[in-house]
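Notes to accompany the following structure.
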């Protein structure tokens, strides 16, 4: 159904204006979509490198770049319906209002991961053992991992 709707909108545009305008629209949207995807991909790689260097994850920046890539893909699809959807995806308040209803988002990622870890019963982390001097570590029966030896 969707491809037929896209085809019908292009035929309607060609009938109301001219076939050259419809072809120009398709080629212009294709070129604009390709440029948008290329720019968003480049920005996304730069932002991911910066975020990786900082050691944090900026989910909203990545989501904005992915939205631009998706909008570029929609622009590359010939037809007016996909172009209107691409404009909706590009406008941030509209995107937040429409997609915010479908995609639940935690308040912040730290509380979400702590909450999820509490449910799993596993809290991930790192530790290291530092000995205070040259004496070897003691093997107490309470701290030993091996069963006690019987006399």
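Readers should treat all values here as calculations from the given coordinates under stated rules, not as data from a laboratory. Here the structure is a predicted model, which means the values were calculated and not measured. Neighbour counts are summed over all protein chains in view; Cβ atoms, including those assigned to glycine, are modelled from backbone coordinates with ideal geometry.
Quick look at the values:
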read-out: Relative exposure of 65, 83, judged by other C-beta atoms within 10 Å (fewest first); value: 65, 83
read-out: Full-stretch length increase - residue 27, residue 84 - with 0.36 nm per residue and alpha-carbon distance subtracted; value: 18.9 nm
read-out: Gain in span if fully extended, residue 46 to residue 92, counting 0.36 nm per residue against the direct Cα distance; value: 14.5 nm
read-out: Scattering profile of the range 1-41 at q = 0.22, 0.23, 0.32, 0.33 Å⁻¹ [log10 I(q)/I(0), Debye over alpha-carbon scatterers]; value: -0.73, -0.76, -0.95, -0.97
read-out: The range 1-85 shape via C-alpha gyration tensor axes, a/c threshold 1.5; value: prolate
read-out: Least to most buried among 11, 123 (fewest other Cβ within 10 Å first); value: 123, 11
read-out: Taking 82, 44 and counting other C-beta atoms within 10 Å, the order from fewest to most; value: 44, 82
